[in-house]
Amino acid sequence: MTTYTGVVRRLLLSSSPDNRAIERLQLSFYLADPYLHSIGHAVGNVMERGSTKSLQFTIWADTHHPSYEHCVLLGQRFMSFFQACPSAFRWLTGLILQNLTSGDTDISKILNTCTKLEFLSLIYCDSVIDPVTGDDVVLTIDVPRSALVALEITTCGYAGVDLIQAPKLQRLVCANWIGANPPLRFGNVPRLHSITLRHAALHWQRPFPLSHCLSNTTSLSIMYLNFADQMIWIEPEDPKHLSPIFSHLRDVYLYNIFYECDLNWTMFVLEAAPSLSNFYLKLSRHPCERSRCEDSAMKVNVPWDQASPDFKHQWLSLLEIVGFVVDEKLTKYIRLVIELAMGLKRIRLLDQEPCARCNAMNNGQPPSPTRRRFPAEEEKNVIRQQLVDGLSSPVEISIG
């Protein structure tokens, strides 16, 4: 850090008013004393000139796999840095924090003070454990005057995230949570249009209805759910409960659904989103169990038999399935979508991407002829015919 700090100071000092201005500045450094204040003051002096439009800090822990006690120390060290360098943080537009254990209100304090902060990413972060109950703490974000546009919370130790007020928030990513489901609660987030939830379910987490998580969000246009080859952690529900939430939804990604799971449950999403244009599914066949751990939830099928008998979708244009194989179950599912989606124009069926760990389990041997597989070139025309046989649909089907 000594060399790094010296280089940063020389670089920033060289950007005097008489030299070329720095329009965008991105700095990555360890949260290590005594260098932080030197970096912060040098950055603050540059930012006060007003010519830098974008400033981002990426701040790492100063050790690998820090203990909880060390993460608490890092959280305190960061807040000291934050308070000592107001000129730098006042102009901050992006912040990536890793391995910090903060106080209950520290994140909201950062967001309320950094009035230009548009992007915040928290990785392996959490709050100080409640001293009375010993429980993890809910991350509460109540920032009515914040400029925050994008928030990412990845592999953090919060009991949940409560977004009370974030009026400019547009994009949210939440991945690998440890608390009970649902992981999020929303208050005033009127501009939220893109949400990503990525998670391998743990055995203490029960599936939850999306309406319990996404209530108060009515402007979503993109939803990405990644189940990481494990248990499906959402619970199908009456589409009427989701219709106000999904009224503007255009693109849905349901990724890494374990192959043995029936797909008919996905129809409740289609029925609840009348404006949906693109529907992306990714099926996962991984004997290597790449995402499984000792705390993983048991994978169970997701039943669904509540589809409205007269349901038809008017606007769906594209169905894409990654991980397609020659299989009667998949054929029936695709035919069902063709039958219900009156305006369907294209179907794209793609093979699963190779997995080095799965290939290693086969010891380099070719797959068994009885194993489910992507269709060979000479089979593709037959499959196309099977998918539309008896249906009056002009849909274009590409395979591979």
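Going through region 301-352, which chymotrypsin sites (Phe, Trp or Tyr not before Pro) have at most 13 other Cβ atoms within 10 Å and a DSSP loop state? Don't skip to the end; give the middle numbers.
Numbers: sites: W304, F311, W315, F324, Y333; in loops: W304, F311, W315, F324.
Here the chymotrypsin sites (Phe, Trp or Tyr not before Pro) that fit, given the DSSP loop and packing criteria, are F311.
Please give the FRET efficiency for S67 paired with N301, using the beta carbon to beta carbon distance and R0 = 41 Å, rounded to the nearest 0.05. Don't skip to the end; give the middle numbers.
Details: r = 41 Å, r/R0 = 0.99.
E(calc), rounded to 0.05, equals 0.50.
Obtain the nm distance between the two label points defined at E294 and D104 by a simple spin-label model: each point lies 7 Å from its Cα along the Cα-to-C-beta direction.
Roughly 3.4 nm, to one decimal.
Length gain on complete extension for the stretch N45 to S317, per 0.36 nm per residue less the alpha carbon to alpha carbon distance? Present the calculation step by step, with values, prior to reporting the outcome.
On the way: separation 272, 0.36 × 272 = 97.92 nm, distance 5.27 nm.
So the extension gain works out to 92.7 nm.
For a quick check of your reading of the filter: which GluC sites (Glu not before Pro) in region 248-292 sit in a DSSP loop and have no more than 10 other Cβ atoms within 10 Å?
On the way: sites: E260, E271, E289; in loops: E260, E289.
The qualifying sites: there are none.
By average Cβ neighbour count within 10 Å, what is the ranking of 275-283, 294-302 from highest down?
On the way: 275-283: 19.0, 294-302: 13.1.
Taking the mean over residues of other Cβ atoms within 10 Å, the ranking is 275-283, 294-302.
With a 1.4 Å probe and every protein chain left in place, work out the accessible area per residue of region 253-400 in Å², rounded to a whole number. Write out the running numbers ahead of the final one.
Details: 8080 Å² over 148 residues.
About 55 Å² of surface per residue is accessible.
Which of the pairs K240/K282; K312/K345; K282/K380 have their Cα atoms more than 24 Å apart in this structure? Spell out each step's value before the answer.
Working: K240/K282 26 Å; K312/K345 15 Å; K282/K380 20 Å.
Pairs exceeding 24 Å: K240/K282.
Can you tell me, using C-alpha contacts under 8 Å and at least 6 residues apart, the relative contact order of the chain as a whole percent?
Working: 857 pairs, mean separation 31.8, N = 400.
Relative contact order of the chain: 8 percent.
Nearest 5 percent is fine: what portion of the DSSP beta bridges confined to region 182-316 is antiparallel?
Details: 1 of 18 bridges.
About 5 percent, rounded to the nearest 5.
Return the single residue from C358, C174, C156 with maximal mean-square fluctuation; model: Gaussian network over the chain, springs between Cα atoms under 10 Å.
C358
Just to verify a number: FRET efficiency for T58 and M361, C-beta to C-beta distance, R0 = 45 Å, to 0.05?
Numbers: r = 37 Å, r/R0 = 0.81.
Using R0 = 45 Å, I get an efficiency of 0.80.
Using 13 Å as the cut-off for backbone N distance, which residues of region 287-318 belong to the label zone defined by a point 7 Å from the Cα of E353 along Cα→Cβ?
none
Tell me which trypsin sites (Lys or Arg not before Pro) from region 47-110 have a DSSP coil assignment and no more than 16 other beta carbons within 10 Å of their own. Intermediate values should be presented prior to the final figure.
Details: sites: R49, K53, R77, R90, K109; in loops: R49, K53.
Within region 47-110, the qualifying trypsin sites (Lys or Arg not before Pro) (loop, at most 16 other Cβ atoms within 10 Å) are R49, K53.
Of the labelled options (1) 93, 51, 48; (2) 100, 54, 50; (3) 73, 54, 51, which one gives Cα extents along the principal axes in Å as computed for this structure?
The value matching this structure is (3).
Under the classification rounded if a/c is under 1.5, otherwise prolate if a/b is larger than b/c and oblate if not, where does region 73-174 fall, given a ≥ b ≥ c as square roots of the Cα gyration tensor eigenvalues? Don't jump to the answer; show the numbers that get you there.
Numbers: a/c = 1.71, a/b = 1.22, b/c = 1.40.
The shape class here is oblate.
Per residue, how much accessible surface does region 147-234 expose to a 1.4 Å probe? Answer in Å², no decimals.
On the way: 2860 Å² over 88 residues.
That works out to 32 Å² per residue.
Of the residues G160, G343, G179, which exhibits the maximal mean-square fluctuation in a Gaussian network model of the chain defined by a 10 Å Cα contact cut-off?
G343
Where the Cα atoms of region 1-114 are projected onto their three principal axes, how long is each span, largest first, in whole Å?
Taking max minus min along each principal axis of the Cα atoms, region 1-114 gives 47, 32, 19 Å.
Nothing charged except the Cβ atoms of Lys and Arg (+1) and of Asp and Glu (-1): what's the magnitude of the dipole of region 19-123 about its Cα centre? Round to the nearest 20 debye. Walk me through the numbers before you get to the answer.
Details: 8 positive and 8 negative charges, 97 e Å.
Result for region 19-123 is approximately 460 debye, rounded to the nearest 20.
Roll a 1.4 Å probe over the protein chains and send me the accessible area per residue for region 40-113 in Å². Mind showing how you got there, number by number?
On the way: 3110 Å² over 74 residues.
So region 40-113 comes to 42 Å² accessible per residue, rounded to a whole number.
Calculate the spin-label point distance for T113 paired with R346, positioning each point 7 Å from the Cα along the beta-carbon direction, and give it in nanometres.
Each label point is offset 7 Å from its Cα along the Cβ direction, giving 4.9 nm.
Assuming a viscosity of 1.306 mPa s and a temperature of 10 °C, what translational diffusion coefficient in µm² per second does Stokes-Einstein assign to region 135-233, Rh being the Kirkwood radius over Cα pairs? Before the final figure, lay out the partial values.
On the way: Rh = 13.7 Å.
Taking Rh from Cα pairs, D becomes 116 µm²/s.
Net charge near A341, counting Lys/Arg +1 and Asp/Glu -1 over other residues with Cβ under 12 Å of its Cβ? Numbers along the way, then the final one.
Values: positive: K312, R335, K345, R346; negative: E271, E339.
That sum, taken over residues with Cβ under 12 Å, equals +2.
What 222 nm value per residue comes from the helices of the chain, counting each DSSP H run with n ≥ 4 as -39,500 (n - 2.57) and dividing by all residues, nearest 500 deg cm²/dmol?
Details: 11 runs with 98 residues, N = 400.
Only helices count here, giving -7000 deg cm²/dmol.
Roughly how many nanometres apart are two label points built 7 Å out from the Cα toward the Cβ at Y4 and D327?
Simple spin-label model gives 4.5 nm for this pair.
Rounded to a whole number, what % of the accessible area of region 227-306 do carbon and sulfur atoms account for, probe 1.4 Å?
Details: 1500 of 3160 Å².
In region 227-306, the share of accessible area belonging to carbon and sulfur is 47 percent.
The values are calculated or read from the model by the stated rules, or taken from the named source; none is laboratory data. Since the model is a prediction, treat every value here as computed from it, not as a measurement. Cβ sites come from the backbone with ideal geometry, for glycine too, and all protein chains shown count toward neighbours. Heavy atoms of the whole protein, side chains included, go into the accessibility calculation; ligands, DNA and RNA do not. Shrake-Rupley method; radii C 1.70, N 1.55, O 1.52, S 1.80 Å.
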